[in-house]
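Here the structure is laid out as structure tokens; the discussion comes afterwards.
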Amino acid sequence: MTKPVLHIGNKRLSSWSLRPWLALKKAGIDFTENLIPLDQPDTRETLKALSPAGTVPVLQAGELTLWDSLAICEWAAEQAPTLWPADPALRAHARAVTASMHSGFGGLRRDLSMDLQRPVGGTDVSVQAWQDIETILAMWAACPKGGDGFLFGAWSIADAFYTPVATRFRTYAIELPDAAQAYVDLLLSDPDYRAWEDAGLAETFDAPFH
């Protein structure tokens, strides 16, 4: 099979790209990475040529094109089933936690956008964003975790989906309960995430086009 290509946005900013990138890394899938700078004059044209959605990430694997982060992660899990818990009940729980992040938390996304180059410090947080944070913390607390400290014991796609949240909590200096802070620290110390962050911190690109 031709080596898959994962088209991503800037590592500094693109939380949507980070999630499937981590899943492919954890799955041991050999893929080519193609970074498409965001907010440039030709960005939309470039993305529309890749998929109908005109967004990142986009996975191209042979004749297959996927333009949704969760769909890409599910594709990776077809190759590496260990990306989800083996137990059916835990797997269903993990999918629910993941889907909640995939489809919700608009206040958090709006007020606390991912930016790996932003200096650490507080910001104004709306009531909606605080409600999102409280919901996320409640969901984390309800996960079984385990010896490895991830949400469902071993690392899973659920952890991929909350890694960008961990960056937001750190960047905006959100005070967390001890258990939640330990989980954030675990996600941000992961070697694959560290490689992404190092690249994001080193990025330079033109000012956004408007």
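Summary of computed values
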{"quantity": "Matching residues, the stretch 34-51, being assigned to a loop (DSSP other than H, G, I, E, B) and either among the aromatic types (Phe, Trp, Tyr) or touching a Ser or Thr at 6+ places or on another chain (Cβ under 9 Å) (or both)", "calculated": "Ile36, Pro37, Leu38, Gln40, Ser51"}
{"quantity": "Thr123 being of a type outside the set (A, V, I, L, M) and out of contact with any Lys or Arg (no Cβ under 6 Å at 6 or more places or on another chain)", "calculated": "yes"}
{"quantity": "Filter pass, Asp159 being within 24 Å of Gly28 (Cβ to Cβ), surrounded by 22 or more Cβ atoms within 10 Å (Cβ to Cβ) and out of contact with any helix residue (DSSP H, G or I) (no Cβ under 6 Å at 6 or more places or on another chain)", "calculated": "yes"}
{"quantity": "Pick from the stretch 133-154, criterion in contact with a helix residue (DSSP H, G or I) (Cβ under 6 Å, 6 or more places away or on another chain) and open to solvent by 10 Å² or more (accessible area, probe 1.4 Å), ranking: farthest from Ala99 (Cα to Cα)", "calculated": "Gly149"}
{"quantity": "Filter result (in a helix (DSSP H, G or I), among the hydrophobic types (A, V, I, L, M, F, W, C) and either within 17 Å of Ala195 (Cβ to Cβ) or in contact with a strand residue (DSSP E or B) (Cβ under 7 Å, 6 or more places away or on another chain) (or both)) within the stretch 1-20", "calculated": "Leu18"}
{"quantity": "Failed condition for Ala23, given (1) of a type in the set (Gly, Ala, Ser); (2) surrounded by fewer than 17 Cβ atoms within 10 Å (Cβ to Cβ); (3) part of a helix (DSSP H, G or I)", "calculated": "(2)"}
{"quantity": "From the options Ala89, Ala96, residue that is over 22 Å from Leu22 (Cα atoms), without any contact (Cβ under 8 Å) to a residue 12 or more places away in the chain and hydrophobic (A, V, I, L, M, F, W, C)", "calculated": "Ala89"}
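The values are calculated or read from the model by the stated rules, or taken from the named source; none is laboratory data. Computed from a prediction, not measured in an experiment: that's the story for all the values here. Please note: Cβ atoms are built from the backbone with ideal geometry, for glycine as well, and neighbour counts cover all protein chains shown. These area figures cover heavy atoms from the full protein model, side chains too; ligands, DNA and RNA do not enter into them. Shrake-Rupley method; radii C 1.70, N 1.55, O 1.52, S 1.80 Å.
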